[in-house]
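*Asks:* The structure under discussion is supplied below as structure tokens; questions concerning it will follow.
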Ligand code: FAD
Ligand code: AMP
């Protein structure tokens, strides 16, 4: 290990490690310091996303969805299965294998890009020096021309329901359960709460989701949120809105949850309670006195549009700065900063960051919701196409949901695309690309889509915006 680098990245999650790799590709000398601790005490690069977030949750969502389909949908295909059994140990082992392959893959990527991966803790000192504490506890002071802070986020604790790692758990705990709880409570109907609630519901838990707000998925397009709630309720997710949790106590292995809703104080007894009320930036022991890096009132590291902190040559990216807490947003910021440091062009178009909720049906969107466009006062048109009318969706037995495209009435620019339905998270990529290139709905209308594919639903939604849909009556 040398002690001087062009770039030191603190944090090896999906914001930090791509930044380190791109800096290496740009010919700079780079170190990436990361202090993730796995449940067995070992270290792995990849941060929350690979170890305890995106990847393990998607592995379990996939497995549990297969269970659901085998139980509920195979018969209609003419496939008869007797005695479907869930081997949760194997399901968890598969997930752990995927996580391990992904995190170890980073080591290979670091090697290829000549990034020095340094497991341990990093603390920024004044003057772009970084105190590195290795896993053995030894401290070294490293120097860099540039420092990128990518320290990520941690689950927001709820004072009235403290996590004890057994009955009351956070999202990571909910990914590691060794048995299917009979009754599962989830506090928070955000993306994480809904995905984890779906996993355990499909595996047999009775799931109650308590959400303080009266509105369901307020960040999504209203029509999509309404459609989603309908499907989740049908699946047996008991989503209780306007339910503010005020306490949780454990007695004989049962969690008694106290909450208040419009009818007054209520209680709920569950075997496991997941606290999923959001995430907060992680800046613990990250900044020594006098670095010049400042935090906003919510604890995020303050940055400008290009992720500069204001301290000379100190940058910050990912969940520890403003903006949506999403892996792909952090990745683009990490890459942008590494390119700017190397004197190349770099930019993140925050208007086209897609959001995906990996439930069934899947939900994905990019751009403005209809409510936001309406509030902006700009005249607009809407095209909508239901998957019920898609040949491919019918063949897949996945006809729930729709594609909704919103375009400006004046110049036809696509302002937002909202998808609820099969593979929504994949389909949204076309809309992101279209919006990145400021496409009009006519551009999408004139783009050939293979038949029969789910992507035809976006094509038809674009046509429907001008009342030209072929496969469904225009509204
Ligand atoms: P992190 O992934 O949190 O990584 C930060 C790393 O820095 C960690 O390894 C941490 O240990 C290390 N670190 C912190 N401080 C220091 C220090 N001082 N010294 C050394 N190392 C330090 N997002 C999506 O886009 N899609 C999804 O499907 C998705 N699913 C999710 C599911 C769950 C259950 C959860 C919890 C999150 C999910 N997210 C998802 C969010 C996603 O995980 C985060 O947005 C993403 O991980 C943020 O990346 P990051 O690199 O900024 O931070
Ligand atoms: P997200 O930030 O998207 O992960 O979602 C977290 C959700 O938890 C938000 O919708 C919050 O309204 C909700 N929430 C926060 N505190 C409570 C609480 N005490 N009881 C119930 N829901 C809560």
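Derivation of every value follows stated rules applied to the coordinates shown; laboratory data play no part. Keep in mind the model is a prediction, meaning the values are calculated, not measured. Backbone-built Cβ (ideal geometry, glycine too); neighbour counts: all protein chains shown.
*Asks:* By its C-alpha gyration tensor, with a ≥ b ≥ c as the square roots of the eigenvalues, how is segment 168-277 shaped: rounded for a/c under 1.5, else prolate for a/b larger than b/c, else oblate?
*Replies:* Oblate, because a/c is 1.5 or more while a/b does not exceed b/c.
*Asks:* Based on the Cα coordinates of the chain, what is the per residue volume of their convex hull in Å³?
*Replies:* 172 Å³
*Asks:* May I ask for the distance between the Cα centers of segment 258-335 and segment 22-83, given as a whole number of Å?
*Replies:* Value for the Cα centre distance between the two parts: 22 Å.
*Asks:* So, one more: Using only the alpha-carbon atoms of segment 142-214, report the extent along each of the three principal axes, biggest first, to the nearest angstrom.
*Replies:* Largest first, segment 142-214 extends 54, 32, 22 Å along its Cα principal axes.
*Asks:* Same structure again: Could you list, bin by bin from short to long, the percent of Cα-Cα pairs of segment 1-103 in 10 Å steps?
*Replies:* Values per bin, smallest distances first: 14, 31, 24, 15, 10, 5, 1.
*Asks:* Ranked highest first by average number of other Cβ atoms within 10 Å, how do 203-213, 95-105 line up?
*Replies:* 203-213, 95-105
*Asks:* Quick one, can you get me the convex hull of the C-alpha atoms of segment 353-464 expressed as volume per residue in Å³?
*Replies:* Per residue, the Cα convex hull of segment 353-464 comes to 86 Å³.
*Asks:* Going by how many other Cβ atoms sit within 10 Å of their own, how do 32, 307, 54 line up, fewest first?
*Replies:* Ordered by Cβ neighbours within 10 Å, fewest first: 54, 307, 32.
*Asks:* Right, something else. Listed highest first by mean packing, meaning other Cβ atoms within 10 Å per residue, what order do 16-25, 60-69 come in?
*Replies:* 16-25, 60-69
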